[in-house]
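Reviewing the structure listed below.
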């Protein structure tokens, strides 16, 4: 658990971070969002003391970070740097091994851990272990950057624009991958980003910052349903808020177990026997946003939900609309 | 240079090469290849390359005319290396032949034609081979191979007919001590220069105030003429030894190796400091921040991240210093500092050009070898990380 209280950083006359307080529970993902220069990166960098705070306290698992020896503190916190920052003179394996080596793990344990992480991030250890960062694509470098931060199994992971500077397809893929890994390991994450979509996709809660202050903090859906007047409203973007709310929910939440008459599963697709049309079914991992899009496209009142080749239920349009509707 | 031109060496003519080939051939015709003197004192008769016996001399002339015109760098470079070897072969054979005719007192000296042939082929070889961009280990291997071939010819007595080798036999002891003295001057100034220059460079990188204070001073040191530097050092050193006589037992003196080592060290500081500053400045800020954020200590960050990343640029400074000091160390002989300069200045005093050459050629060879080796080391360090 991370507890931040009254955190303030002044550089001369300017106040970069102004009386910021928040808590992050174990296994939770908090996103700090805002425009450039809003103080989100400075806040993050005070948590592992790359910058020392002017005022305020930070406690990680109950310990005041100013009381922990600097190197010990940093060894226990994973950090994904903006712009990746891999060491160009070290191989991928050596980069990932940075913190374990500093912690003096034995060789066999380090090798095993490096291999495990490369596999976790879908990089073949035999192919990528001995490559140098310059030989990797942007997406591969970002993967290695995240793997390096997670190498010594830190309970806390700080990420500064971790998936920036990537094309949208690669970024979405990496976000999915990271989300799955984070859920599995239960790592506590604080993520800095200026990309609202990334925040909604990865974070449990979002803190919107402007001019060094947290304007609003809360669960993602709260920010969409009840955004504060002014900057938050503008930054969160309310034009497509119904769709964004839908994207926070999975189809499994509202699927009805009863089957609609006249559907038949055939070769992975569902055939509507009355019209003879093939309907691409929904999968349990789909969000309601995807369901809404497909309902509109098919012009249907409901869509089939198929799991492992079996028709397990239906998602009805009226239920989707109800989730996205204002309270 | 396109791959097509490399595959078909005679397809095109290197325009620039003509500028070199024409005067080289004219020079080879007009300048003596060797000079034959009945004894050490009198002036001699020229022996031209076209007077030399056998078809090889004609081949050498033709090669000097044609090889630079080949547009394929591999063939041009390779044949140019062969051209240097041919010049060395001819000079040894002709010297032995003339010595047999003219008697044991005769002196066979290297002439302008020989130097022209070696220089033009060596330039063409360096140019052609460097276009191939051979990997560093191959460069080191080729250098070792050529050095070994030349060394074998030298030891086997191939050049013994030449006056420079007669001069060597007469001065073998002095040559050996000059060699070690020279290495001592170069190595003995490099170590203190690194010990001072690296921390100073790091400080100058971190603090603009240090930079503003140190760089102008080092600039002034660098531009001080070497004779003036020796003079400036002799007085305080002599005074120091007078004040603390025990220092004399350590070899400190107003003249000799001490002021020479100090002067060479001072001359080394500017390149090492400025390259250290540049090396540290070239470290990506993200690498430094990543190292800090992962919990490296300042020392760990310096050793594991900063120095390895700055090393290629710092070593470029070391290469500049080593090559510069190999040349500068010759002056040390003026104040009794030893090194190959002793042979050069003695030769100048006796107007014995062969003795001057005996001091000069090893300096040139050392500088070339140092450049090739250090360049290869720098490229090896850069490795695959580019």
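Each value in this text was obtained by applying a stated rule to the coordinates, not by laboratory testing. Because the structure is a prediction, the values reported are computed rather than measured. All Cβ positions, glycine included, derive from the backbone under ideal geometry; neighbour counts span all protein chains shown.
Label-to-label distance, residue A:115 versus residue B:59, with points set 7 angstrom from Cα along the beta-carbon direction: 5.9 nm. Treating r as the C-beta distance of residue A:211 and residue B:381 and R0 as 56 Å, the FRET efficiency rounds to 0.75. With neighbours defined as other Cβ atoms within 10 Å of a residue's Cβ, the residues A:89, A:258 order from fewest to most as A:258, A:89.
Multiplying the residue separation of residue A:226 and residue A:197 by 0.36 nm and subtracting their alpha-carbon distance yields 8.7 nm. In terms of surrounding Cβ atoms within a 10 Å radius of their Cβ, B:345, B:121 rank from fewest to most as B:345, B:121.
In terms of its alpha-carbon gyration tensor, segment B:93-225 comes out prolate; a/c meets the 1.5 threshold, and the first ratio a/b outweighs b/c. Relative to the dominant Cα principal axis of chain B, helix B:73-102 is inclined by about 60°. Mean sequence separation of contacting Cα pairs (under 8 Å, at least six apart), scaled by the length of chain A, corresponds to a relative contact order of 18 percent.
Per-residue mean of foreign Cβ neighbours for A:89-99 is 3 (Cβ atoms of other chains, 10 Å radius). Cβ crowding within 10 Å, taken as a proxy for footprinting-reagent exposure, orders B:109, B:130, B:80 from fewest neighbours to most as B:130, B:109, B:80.
Largest GNM mean-square fluctuation among B:61, B:145, B:88, using chain B with Cα springs under 10 Å: B:145. Taken along the Cα-to-beta-carbon direction at a fixed 7 Å, the label points for residue B:206 and residue B:369 span 3.9 nm. Highest GNM mean-square fluctuation, chain A, Cα pairs closer than 10 Å: which of A:31, A:16, A:207? Of A:31, A:16, A:207, the most mobile in the Gaussian network model is A:16.
For segment A:251-324, a/c is not less than 1.5, where a ≥ b ≥ c are the root eigenvalues of the C-alpha gyration tensor, and a/b tops b/c. That puts it in the prolate class.
Calculated FRET efficiency, residue B:222 to residue A:15, Cβ-Cβ distance, R0 = 51 Å: about 0.60 to the nearest 0.05.
Here segment B:3-165 is described by how far its Cα atoms reach on the three principal axes: 55, 34, 24 Å, from widest to narrowest. Springs between Cα atoms under 10 Å define the GNM used for chain A, and in it the highest mean-square fluctuation of A:193, A:14, A:57 occurs at A:14. For the protein assembly as shown, the square roots a ≥ b ≥ c of the C-alpha gyration tensor eigenvalues yield an a/c of 1.5 or more together with a/b exceeding b/c, which makes the shape prolate. Considering only beta bridges that DSSP places wholly inside the protein assembly as shown, some 70 percent are antiparallel.
For the pair residue A:153 and residue A:124, the difference between a 0.36 nm per residue extended length and the Cα-Cα distance amounts to 8.4 nm.
As a ratio to 2.2 N^0.38 Å, the alpha-carbon radius of gyration computed for segment A:188-269 takes the value 1.50. Applying 1/(1 + (r/R0)^6) with r as the Cβ-Cβ distance of residue A:3 and residue A:165 and R0 = 22 angstrom yields a FRET efficiency of 0.10. Relative to the longest principal axis of the Cα atoms of chain B, helix B:307-328 runs at roughly 50 degrees. Helix B:55-66 axis versus longest C-alpha principal axis of chain B: approximately 50°, rounded to the nearest ten. Label separation (residue B:213 vs residue B:119): 4.7 nm, computed from points 7 Å beyond Cα along the C-beta direction.
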